[in-house]
Each structure stands twice: as C-alpha cells, then as structure tokens.
Amino acid sequence: KAGVTQTPRYLIKTRGQQVTLSCSPISGHRSVSWYQQTPGQGLQFLFEYFSETQRNKGNFPGRFSGRQFSNSRSEMNVSTLELGDSALYLCASSLYGDSNQPQHFGDGTRLSIL
Amino acid sequence: AQRVTQPEKLLSVFKGAPVELKCNYSYSGSPELFWYVQYSRQRLQLLLRHISRESIKGFTADLNKGETSFHLKKPFAQEEDSAMYYCALSTHSGSRLTFGEGTQLTVNP
C-alpha cells in the first residue's frame, strides 16, 4: 500500500496570502488528522476529519480550516498568513480514527512565510 | 487538559548500554499511550503502543498508572537506534494525539 502522501513538499508564501495543503491517506483509511510542527511548540494537533466531518479541533485560530472529500483525501487551508505560521505541517491517517489505533504520517509540507 | 512531558531533550549512550527514555503524562482518565520515532530523513512512525504490550526492535514500554509514566526501555542500545523519539497520548474517541517535546537519542559506537 502507498503511504500517506502530502503535496506540495515545500511552499514559500508572503504574509497575508492564503495557502492550501493536500493530504492523501492510505487507501481504506477514513480518518485524517493534521498537525503543526515547530521548533518552539513541537507537534500540535490542528484537527481531525472522519467521513467528511470535522470530529476534533485543536486550539488554533479560525484562519486554519480544513475539509475532507468523499475519497477521504483532505485539504488544509490557512488564510491571512502570518510569520508564525512557518512550520512543518504533518498529515496522519488511520483506519477509523479510534484512540488506540496507530496513525500513519506523511512526510509533511514545509511552509515558509516571508 | 492532558499533557505529556519528556524531561530529556538529548540523551547520549554508548552502543551496548541500556537506555531509558522517560515519559510522564497528566490525564485524569485512562489514556492510550504511544511511542513514535523519527529516524534521520524518514517520516514519523509508530514504534509501539501500550495496548499491544509488545517488544519492537528490542524496545519495551510499561504503562505505570500510579506514577503516570510510560518510559521506553532497551537493554542494549544499537547505533541504528539513534533517532528522535516522541511519547504521545490519546484520550478521545477520535485520534487526536498530544505529543511530548521529544528526546533525541544518540547511540555512540
């Protein structure tokens, strides 16, 4: 099976712009979660989608949003970009998103804000 | 709110020595605990989870609810164990993970 695929791998944007990141989960996986990784804050949970519905949400401002399609692929959008949004954004998928199921991570999208 | 603490950012041992990576958590309920590992230039991957009670690559971890700890242990470290290790906790019906800050393990020859 192919692993979790995230595109693009790298992005450079300027303040005020918006960006969309994409994640294709492992085939058959229905839960997709997003995390932000920074040197200062570590790995922080953004949100989780299951069957096209947001099931969990972390403590991030409304500028961060996401969605999931019927084929379980997910997108994450960040509007009005700020310098502090520079980070590695990781996507993870699991079969049903149960708390005891392992999550499979992608390589991430590295977002740099100038 | 739940929290995961890994007190050591860096840990260096010699090949063949025992290694223990510490993880403490705070959560009033019954959590699911995991160890994830990231080798150089590879993606984050699951090492083991407490519910499985298994040994992976010689590593074991026991959930101690009294001490709220989930330390990762290996009796004889190998150079290929050098990596970043993250302890993580899940509490919801969904798959939200709360991660610790990570411990960079270096195994010297």
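Have a look at B:PHE59, B:GLN78, B:VAL4 and report the one farthest towards the positive end of the charge dipole of chain B, computed about the Cα centre with Cβ charges (Lys/Arg +1, Asp/Glu -1).
Result: B:VAL4.
Calculate the dipole size of the range B:47-109 relative to its Cα centre from +1 charges on Lys and Arg beta carbons and -1 charges on Asp and Glu beta carbons; express the result in debye to the nearest 20. Kindly include the intermediate steps, with their values, before the conclusion.
Working: 7 positive and 7 negative charges, 55 e Å.
For this selection, approximately 260 debye.
Cut-off 18 Å, label point 7 angstrom out along Cα-to-Cβ of A:THR14: give me the residues of the range A:80-105 whose amide nitrogen falls inside.
A:80-86
Kindly provide the Kirkwood hydrodynamic radius of chain A in Å, to one decimal, from all pairs of distinct alpha carbon atoms. Present the calculation step by step, with values, prior to reporting the outcome.
On the way: mean 1/r = 0.0717 Å⁻¹.
Roughly 13.9 Å, rounded to one decimal.
Find, to one decimal place in angstroms, the Kirkwood hydrodynamic radius of the protein assembly as shown, where the mean of 1/r is taken over every pair of different Cα atoms and then inverted. Could you put the intermediate results ahead of the total?
Details: mean 1/r = 0.0556 Å⁻¹.
Taking every pair of different Cα atoms in the protein assembly as shown, averaging 1/r and inverting gives 18.0 Å.
How big is chain B along each principal axis, measuring the range of its Cα positions in Å and listing the largest first?
Here the Cα extents, ordered largest to smallest, are 42, 30, 24 Å.
Which whole-Hz couplings ³J(HN,Hα) result when phi for each residue of the range B:52-60 is put into the Karplus expression 6.51 cos²θ - 1.76 cosθ + 1.60, θ = phi - 60°, listed in order with x for Gly and Pro?
Per-residue couplings from phi come out as 7, 6, 10, 10, 10, 6, x, 8, 9 Hz.
Just checking the output field for B:43-53: average partner chain Cβ neighbours within 10 Å of each residue's Cβ?
Numbers: counts 10, 11, 5, 5, 1, 1, 3, 1, 3, 2, 0.
Taking all residues of B:43-53 together, the mean is 4.
How many nm is it between the label spots at B:ASP62 and B:MET84, if each spot is 7 Å from the Cα in line with the beta carbon?
It works out to 3.0 nm between the two label points.
Between the range A:18-96 and the range B:1-41, how many Å separate their Cα centres?
Between the Cα centres of the range A:18-96 and the range B:1-41 lies a distance of 24 Å.
Dipole size in debye (nearest 20) for chain A around its Cα centre, Lys and Arg Cβ +1, Asp and Glu Cβ -1?
160
Considering only A:GLY66, A:SER51, A:GLY84, whose Cα is most displaced toward the positive end of the charge dipole of the range A:19-114, charges sitting on Cβ of Lys, Arg (+1) and Asp, Glu (-1)?
The residue sitting most towards the positive pole is A:SER51.
Chymotrypsin sites (Phe, Trp or Tyr not before Pro), restricted to the range B:48-90: which are DSSP loop and have at most 16 other Cβ atoms within 10 Å? Don't jump to the answer; show the numbers that get you there.
Working: sites: B:PHE59, B:PHE70, B:PHE76, B:TYR85, B:TYR86; in loops: B:PHE70, B:PHE76.
Those satisfying the criteria are B:PHE76.
Within a 10 angstrom radius of the beta carbon, how do B:GLU67, A:GLU75 rank from fewest other beta carbons to most? Numbers along the way, then the final one.
Details: B:GLU67 10, A:GLU75 17.
The order, fewest Cβ neighbours first, is B:GLU67, A:GLU75.
With a point put 7 Å past each Cα toward its Cβ, work out how far B:ILE51 is from A:THR80 in nm, to one decimal.
A separation of 4.0 nm, rounded to one decimal place.
Can you give the net charge of the other residues whose Cβ lies under 13 Å from the Cβ of B:THR68, counting K and R as +1 and D and E as -1?
Details: positive: B:ARG3, B:LYS22, B:LYS65; negative: B:ASP62, B:GLU67.
Charge balance near B:THR68 sits at +1.
Work out from phi, with θ = phi - 60° and the Karplus expression 6.51 cos²θ - 1.76 cosθ + 1.60, the ³J(HN,Hα) of each residue of the range A:89-97, listed in order in whole Hz, and give x for Gly and Pro.
Calculated HN-Hα couplings, in order: 9, 9, 10, 9, 10, 8, 4, 10, x Hz.
Which of these, A:ASN56, A:ASN77, A:ASN100, has the largest mean-square fluctuation under a Gaussian network model of chain A (Cα springs below 10 Å)?
A:ASN100
Per 10 Å bin from zero, what fraction in whole % of the C-alpha pairs of the range A:1-63 is there, up to the bin with the longest pair?
The calculated distribution, bin by bin, is 17, 45, 34, 4.
Which value, in debye to the nearest 20, describes the size of the charge dipole of the protein assembly as shown about its Cα centre when Lys and Arg Cβ atoms bear +1, Asp and Glu Cβ atoms bear -1, and nothing else is charged?
On the way: 24 positive and 17 negative charges, 73 e Å.
In total the dipole reaches around 360 debye.
FYI, it's all coordinate maths here, none of it is from the lab. Please read all numbers here as calculations on a predicted model, not as lab measurements. For neighbour counting, all protein chains shown are included, and Cβ atoms are generated from backbone atoms with ideal geometry for every residue, glycine included.
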